[in-house]
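Following: one structure in structure tokens, then a few remarks.
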Amino acid sequence: MQLIFMGPPGAGKGTQAQLLAALWKIPHISTGDILRACVVAKTALGLQAKAYMDAGELVPDQLLMDIIQERMDQPDATAGWILDGFPRTVAQAAFFDTLLCDIGTGGKSGKDCDIRAVNLDVPDNVLVTRLLSRGRQDDNEETIRRRLQVYREQTEPLIEFYSDREQLVAVDGDRDMELVTAELQQALSGDS
Ligand code: AMP
């Protein structure tokens, strides 16, 4: 099971990814969580990333590529994974294809292997309300608006990228969490 969870900030991808990863006993890999841990630990990477995160901007691609490469090298990532928040740009997705090709997917690139890219669709007004109630450090109204804009400009093109390859699973995320989980389970199981 190799899953990429996409969707705007506040769509519930973190919650769903965590739940399903626990259910399917595969790692939940959130680049946002990895970055926040680096910020807290004040590593060189954390210090570099913090200003971008606080402003609602994307952290530069190269840093994310290094992070994901290192994480995919860990032994628990061989049987499958749910990626939450990566890739977020077309450049990251292209890099990830090459990485998958390099690391034992039988020589297949991302284009040919069994990845599924899940998009959770939620209207903007619902997202803003959800994010404001979450209260994370980067969840103030100005940053939220900027993150949504960045999502539309830089991440939304990935929907077409994966849809063109018939790897996209689109799910309506504007419903009760349990209903979304059930639909994801149904759409994705039997896929491993
Ligand atoms: P998230 O927890 O996924 O909402 O991510 C929080 C913040 O971390 C984002 O607003 C970005 O600043 C940064 N971030 C996380 N993942 C990525 C990524 N794949 N590319 C660039 N920046 C990222």
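The values are calculated or read from the model by the stated rules, or taken from the named source; none is laboratory data. Quantities reported herein were computed from a predicted structural model and do not represent experimental measurements. Accessible surface areas use protein heavy atoms only, side chains included; no ligands, DNA or RNA. Shrake-Rupley method; radii C 1.70, N 1.55, O 1.52, S 1.80 Å.
Return the percentage of antiparallel bridges among DSSP beta bridges fully within the chain, rounded to the nearest 5 %.
On the way: 0 of 17 bridges.
Roughly 0 percent of the DSSP beta bridges within the chain come out antiparallel.
Given a 1.4 Å probe and the protein chains all in place, what does the accessible area of THR78 round to, in Å² to the nearest 10?
Estimated to the nearest 10 Å², THR78 gives 120 Å².
Across the Cα atoms of the chain, what radius of gyration and what greatest pairwise Cα-Cα distance (Dmax) are found, in Å?
Spelled out, the Cα radius of gyration and Dmax of the chain are 15.9, 45 Å.
With a 1.4 Å probe and all protein chains left in place, how much accessible area per residue does segment 2-185 have, in Å²?
Details: 8950 Å² over 184 residues.
Per-residue value: 49 Å².
Expressed as a rounded percentage, what relative contact order does segment 2-185 have, with Cα pairs under 8 Å and six or more residues apart?
Details: 254 pairs, mean separation 62.2, N = 184.
Across segment 2-185, relative contact order equals 34 percent.
Sum -39500 (n - 2.57) across every DSSP H segment of at least 4 residues in the chain, then divide by the residue count to get the 222 nm mean residue ellipticity, nearest 500. Could the numbers behind the result be given before it?
Values: 9 runs with 101 residues, N = 192.
Counting only the DSSP helices, I get -16000 deg cm²/dmol.
Pull up the cross-link candidates among the aspartates and glutamates for LYS25, meaning alpha carbon to alpha carbon under 17 Å and not fewer than 8 places away within one chain.
ASP76, ASP84, ASP191
Would you report the distance distribution of C-alpha pairs in segment 8-87 as whole percents per 5 angstrom bin, up to the bin with the largest distance?
Going out from 0 Å in 5 Å bins, segment 8-87 shows 3, 14, 24, 24, 20, 12, 3, 0 percent.
For segment 32-47 and segment 1-23, what is the separation of their Cα centres, given in Å?
When both Cα centres are located, 21 Å separates them.
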